[in-house]
Each structure stands twice: as structure tokens, then as C-alpha cells.
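So the structure is just underneath, and the comments pick up after that.
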Amino acid sequence: MTANVGMISQEKALSLGRIPAWLWLGAGVYALLLIVGSTLLRDSDTYWQIVVGRSILEHAALPRVDLYSFTRIGEPWTSSSWFAQVLYAASYHLAGWSGPIVLAAISIAATFALLTYVLGCRIPSTYAILIALAAMVLSWPHFFARPHVLALPVMVAWSYGLMSASERREPPSLWLLPLILLWANLHGGFIFGLVLIGAFAFDAVWNAKPSQREPLTVRWIAFGVGAVAACCVTPYGWGSILTSFKILDLGELLHLINEWRPADFSSLGPFELSMLALIGGGLYSGVKLSPPRIALALGLLHMALSHIRNLEIFALLLPIVLLAPVASQFALQPARLVRISAPSVAMLAVLLGGLTWVFAANARIAPPEGQSPAAAVDALQAHNPKRVLNDLPFGGYLIWRQIPVFIDGRAELYGEAFEMAYYRALTLKDANHFLDILKTWEIDAVLLKPSTPAVGLLDQVSGWKRVYSDENAVLHVRTAN
């Protein structure tokens with residue numbers, strides 16, 4: 001009996017040993033994200049993303065005008081992340097808040113498993129794993145249950161496909177077009193995927209023989225046209241591309257939205273450490289890149305420095321850009337090929353499936369109270385307000401509670417002028433405008449964070465009364481006209 005048990009244990013160990021490093025890393029990332037699952041819900045936009053997805057499923061129609069605010073009600077609005085919103089809504093319907101967490105965790109884990117696989121095709125698996133883990137640390141602050149994480153594995157696969165074609169001095173395969181089509185329906189970041197076509201086309205043409213450059217350029221341009229056409233295969237057609245450009249045209253407002261702010265080096269952090277390590281390693285070892293690869297690397301760095309939301313793009317794509325020249329220059333050998341057996345994959349799938357079931361069955365998870373002021377909204381509804389002036393972080397939760405908002409996270413809908421005026425009003429940089437908002441929009445309730453400067457002013461303004469407050473929110477209601 002003991003011998004049989006020992007043989008079974010040995011067979012299990014052998015089966016698990018046939019799982020390659022990239023698959024192990026993906027499984028580990030997935031398990032880690034389930035353990036810290038609540039961190040994926042720390043962005044209030046998740047609320048309205050699910051509401052929009054639920055509406056699409058219930059009405060079998062996509063939103064084309066705003067339905068959730070009273071300041072922009074009926075104005076044109078395109079949901080460029082409609083497919084991701086449907087997936088999040090469906091997952092929430094199946095498993096509550098565990099559903100969006102599992103969905104986001106699967107996508108993030110797939111991203112880093114794919115990155116490790118791509119790197120392992122050129123360099124030893126130990127290096128591939130270390131680089132992937134470093135990329136995960138840099139990307140961690142932007143891991144939310146939001147559409148952009150569902151597009152991350154698509155971005156990595158698309159970039160690797162372009163890079164491989166460039167290195168073969170050939171145009172990309174047409175089989176890549178379904179990837180950009182999927183990306184265009186998941187998240188507006190697909191515009192960056194189109195930009196990458198030009199970057200890798202430049203690399204391919206630069207390294208091609210002079211006689212090959214003209215026909216190669218024509219074929220890359222043809223592929224680019226096909227990619228643009230694929231991006232229009234959405235329910236909104238050409239409108240998806242126009243909407244993505246609107247988000248990038250918010251001017252001064254981008255500096256106020258946390259994820260669009262430039263990188264902050266006031267204290268030493270992972271991004272600065274990684275930059276210093278890259279610079280130091282490059283200077284010490286004498287890494288040499290071609291001009292197109294230098295331009296690509298600097299472009300990724302510029303994006304990360306300009307907007308911290310681009311940090312995961314820098315972390316995920318820079319290793320792909322540097323992979324071939326660095327592996328060639330230092331004669332690095334690819335990871336040993338591990339043949340994946342069906343029993344080993346099945347065993348890993350059972351383990352992860354069991355972990356997912358335990359998580360979904362026992363987790364008591366919800367978005368943090370700081371963006372979910374349930375008690376304050378209960379008090380708000382008791383006063384039956386018609387128009388509520390809300391702090392922007394509360395917009396998603398109010399939409400979730402079916403209360404029309406003054407503003408929420410859809411910056412492209414409200415525009416730079418409206419949001420900048422709103423910001424100056426609530427921070428009392430323009431106190432008169434704050435009072436004008438109350439009058440012009442006939443506001444009868446104000447729900448703000450305790451730290452918002454306008455809270456103190458409302459405490460002093462006649463005709464307004466503080467009726468509720470806690471560590472998350474302060475509610476004022478109008479008492480007289």
C-alpha cells in the first residue's frame with residue numbers, strides 16, 4: 001500500500017514537472033491575485049463599467065447617448081470598451097464581486113504567462129521569469145477590474161507578432177488582424193496598437209536590404225490599412241477611433257486625473273529603480289541597439305514618464321523591444337523546451353479550478369468603503385433629492401445606485417472645460433463658481449469627501465445643512481431656496 005502511494009506521488013510530481021516555467025508563473029500570478037482580490041476593486045469606475053455592461057445585455061443595444069448623468073443627459077457617448085463591460089457584467093451576474101475579480105485575474109495572469117513564454121523563446125527561463133516579475137511589480141498599481149486589463153494579453157501578443165515580422169523582414173501575418181479587432185472592442189488603447197505598426201515597420205525597413213525596402217514598405221502600409229479597417233469592425237464603426245482620440249485631447253485635465261498624471265520621482269519607487277538599473281546595466285555592458293529600437297525604447301519611456309497609466313505598457317513591451325538585440329549581443333540561449341503533457345495541464349487546471357471555486361464560494365469581497373459611501377447614499381435617498389453634486393470618486397457608486405450624477409469617470413464625455421471648472425469650484429480656487437453651480441444646476445444635495453475644501457464652505461453657507469458625515473463622505477442638503 002505504501003509503495004503504491006509513493007508511486008502515485010512520484011507520478012504526480014513528474015506530471016507537474018512537465019509544466020513549463022511560463023505556465024507556472026501564470027498560475028502563481030493568478031493565485032496571488034485571488035488572495036489579494038479586493039485590491040482589484042479599488043477603482044470606482046468598476047461600478048459604472050458593470051452597469052453599462054448590464055444595460056447592454058438587458059436591452060441588446062449599445063449606449064449611444066449618456067443615460068447616467070443630469071449634466072450630459074442625452075448627449076452623444078460611445079462606449080469603446082463595450083465588450084469588456086459585457087464580460088464584467090456577465091461575470092458579476094454569475095458570481096457577484098468574485099466574478100470580475102476572477103476575470104481580471106485570469107487576464108493579468110495570461111499576460112505575464114505570455115510575456116514569460118515570449119522571453120523564454122530567446123533567453124534562459126530564469127531571466128525570463130525575473131523580467132516578468134519586475135514588469136508585474138511596475139504594473140501592479142494599475143491592476144483594476146476594468147477593461148484595460150482584459151486588453152493586456154492582446155497587446156502583448158500583438159506586439160510580439162509585429163516584432164517577429166519585423167525581424168523576419170516581412171509584413172505581419174493577416175492572422176494578427178483578429179487581435180487588433182478584439183482589442184478595438186475591449187479598450188480604446190487599441191490606438192497604440194496602430195502606432196506600433198509604424199514603429200515596427202520602420203524597424204523592418206531599416207534593417208532590410210536596399211532592394212527590399214520599397215516592396216516591404218508597401219506591404220507594411222497595406223497591413224496598416226487592414227488593421228485600421230479591422231479597428232472599425234465595432235458596433236460604432238469609425239466612431240471607436242474618434243472616441244479614443246477624444247480621450248487623448250483632454251489637455252490640462254489629464255494632469256488632474258490620477259492615472260494620467262506624469263511620473264512622480266519625489267520619493268524613490270520601483271519605476272525609478274528600474275530606470276536606474278536599466279541605465280546602469282546598459283552603460284556597464286555596452287548594450288547596442290539599432291536606431292529604430294532606440295526610438296521605440298525612448299518612445300515607451302516617454303509615455304511612461306508623461307502618464308503613469310502607461311507604466312504597464314513600458315513594463316510589458318520594453319522587454320520585447322530589447323529582447324532580440326540583447327539576446328544576440330550576449331549570445332543568450334533560449335529556455336529549455338518542456339513538452340507539455342495533457343495530464344500535467346489537466347492537473348494544474350484542476351488545482352486552479354478548485355482554488356477559484358473556494359475563492360468564489362467563501363470570499364466576502366466588495367469595493368472599498370472609500371468609494372462606496374453606502375450609508376451616506378442611504379441618507380441621501382431619504383431626502384429624495386432631484387439633483388446631487390457629487391465628488392468625482394463617488395460617481396461610479398451613484399450610478400450603481402441608479403442616482404443621476406453631476407460627474408463621473410467618463411472624462412471624454414464631460415470634456416476639459418467642464419471638468420476643470422468643476423475642479424476649481426470644489427477646491428475653492430473659484431468659490432464663486434461653486435456657488436454658481438449650486439444655483440445654475442438647481443442642486444439640492446451635495447455629497448463630497450471630507451477632505452474636499454468645498455465641504456467647509458457649505459457648512460457656512462445659509463440654506464444648507466450637514467445631515468450626514470463619516471470618514472468617507474459628507475452630505476449636505478438644501479434647506480431653503
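Here, each number is a calculation from the coordinates, and none is a lab measurement. Predicted model only: the values in this text are computed from it and were never measured. Backbone-built Cβ (ideal geometry, glycine too); neighbour counts: all protein chains shown.
Points worth noting:
- Order of VAL461, VAL205, VAL350, VAL326 - criterion: other Cβ atoms within 10 Å of each residue's Cβ, fewest first: VAL350, VAL461, VAL205, VAL326
- Computed log10 I(q)/I(0) for the chain at 0.12 Å⁻¹: -1.15, from the Debye equation with unit scatterers placed on every C-alpha and solvent omitted.
- Dipole axis of the chain (+1 Lys, Arg; -1 Asp, Glu on Cβ), positive-most option in PRO235, ILE197, PRO20: PRO20
- Positive-end residue, the chain charge dipole about Cα centroid, Cβ charges, pick of TRP220, TRP357, LEU298: TRP220
- Remark: the stretch 369-478 carries a charge dipole of roughly 280 debye about the Cα centre, counting +1 on each Lys and Arg Cβ and -1 on each Asp and Glu Cβ.
- Placing a pseudo-label 7 Å from each Cα along the Cα-to-Cβ vector at LEU283 and SER38 gives an inter-label distance of 4.4 nm.
- Per-residue Cβ neighbour rank within 10 angstrom, fewest leading, HIS59, HIS187, HIS142: HIS59, HIS142, HIS187
- Efficiency of FRET between GLU58 and LEU435 - r from beta-carbon atoms, R0 30 angstrom, step 0.05: 0.15
- Antiparallel DSSP beta bridges within the stretch 369-478, percent to nearest 5: 75 percent
- Antiparallel DSSP beta bridges within the chain, percent to nearest 5: 70 percent
- Kirkwood Rh, Cα atoms: Rg over Rh of the stretch 369-478: 0.92
- Compactness check for the stretch 314-386: Cα Rg over 2.2 N^0.38 Å is 2.23.
- Each Lys or Arg adds one and each Asp or Glu subtracts one; over the other residues with Cβ under 15 Å from the Cβ of ALA295, this totals +1.
- From helices alone, the chain scores -20500 deg cm²/dmol at 222 nm; the rule is -39500 (n - 2.57) for each run of n ≥ 4 DSSP H residues, then divide by the residue total.
- Helix 270-285 and the long axis of the chain differ in direction by around 30°, with both axes built from C-alpha atoms.
- R0 of 41 Å, Cβ-Cβ distance ALA375-SER306: FRET efficiency to nearest 0.05: 0.55
- Number of Lys-Lys pairs in the chain with C-alpha atoms under 21 Å apart and a separation of 8 or more places or on different chains: 9.
- Each Lys and Arg contributes +1 and each Asp and Glu -1, all at the Cβ; summed about the Cα centre of the chain, the dipole is approximately 1100 debye.
- Cβ-based exposure ranking for LYS209, LYS429, in which fewest neighbours within 10 Å come first: LYS209, LYS429
- Each principal axis of the Cα cloud of the stretch 111-231 was taken in turn, and the coordinate range along them, longest first, works out to 45, 35, 20 Å.
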